[in-house]
Amino acid sequence: MLLSARKLCRSFGNNQVLFDVDLDLQAGEVHALLGENGAGKSTLVKILAGYLRPTSGEVLVDGRQRHYRSSGEAEDDGVVMIHQELALAEQLSVEENIFLGRELRRGLFLDRRAMRQQSRAALAELETHVDPRARVKDLSTSDQQMVEIAKAITRDVRVLIMDEPTATLTENEVKVLFALIDRLRQRAWPFCISPTSCVKSSKSLTV
Ligand SMILES: Nc1ncnc2c1ncn2[C@@H]1O[C@H](COP(=O)(O)OP(=O)(O)O)[C@@H](O)[C@H]1O
Ligand SMILES: [Mg+2]
């Protein structure tokens, strides 16, 4: 099992949102989490990705108990979450966003060439036309989402969590996203070096 949750509970004050949640994810699987507004979907995935602590229960990665104190610690395990409100720096370029906070360097200097190359490779893998030099503010929502996914796959993501990724997409953009999720899932099998599971929290699956 790549990632498991065991008896996760979470309360906010007197409001208990999660009751004994169990979940098992294996490499190459796609899971959809369904529930009405306020059901606790975001709360659950934020716990898995290290943004929130459970009140009780545990999270296991590769069978080892994890107590994340930050999302950075979850990312170190390959668990990456893309938030419903995309969190890109709008004024910066696509490639600057992909490496924001973990810029590649050569000696004292930024290695812009390597960052551009790796950004291009990630965007090509996603089969998107997004230009790494474009400003994020000039991109459509679906292209901004591609940048978030590119950011995740340049980080050796093993579990990719998307919180309501289709909420702001058109029908056609949803098809492109679902096809991409399927390609990422398949990538997990032949290589098995960087297995990718996707947890999607998406209302539109019921559409
Ligand atoms: N930071 C918070 N503080 C207090 N209550 C919260 C917080 N985050 C979520 N909640 C409450 O937890 C419940 C579940 O919210 P959420 O996980 O966002 O649901 P969903 O994503 O399924 O719509 C809601 O009642 C919400 O008001
Ligand atoms: Mg939510």
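The values are calculated or read from the model by the stated rules, or taken from the named source; none is laboratory data. Since the structure is predicted, the reported quantities are computational estimates derived from the model, not experimental observations. Please note that ligands, DNA and RNA were not included when accessible areas were found on the heavy atoms of the full protein model with its side chains. Shrake-Rupley method; radii C 1.70, N 1.55, O 1.52, S 1.80 Å.
Remarks
- Helical content alone sets the calculated 222 nm signal of the chain at -10000 deg cm²/dmol, taking -39,500 (n - 2.57) per DSSP H segment of four or more residues and averaging over every residue.
- Carbon and sulfur %, accessible surface of the range 3-206 computed with the full protein complex present, 1.4 Å: 49
- Working value for the range 3-206: equivalent-ellipsoid semi-axes of 29, 19, 17 Å, each the square root of 5 times a Cα gyration tensor eigenvalue, largest first.
- Histogram of C-alpha separations across the range 1-104, 5 Å bin width, %: 2, 11, 19, 23, 18, 13, 9, 5, 1, 0
- Taking every lysine pair in the chain that is 8 or more places apart or spans two chains, those with Cα atoms closer than 21 Å amount to 13.
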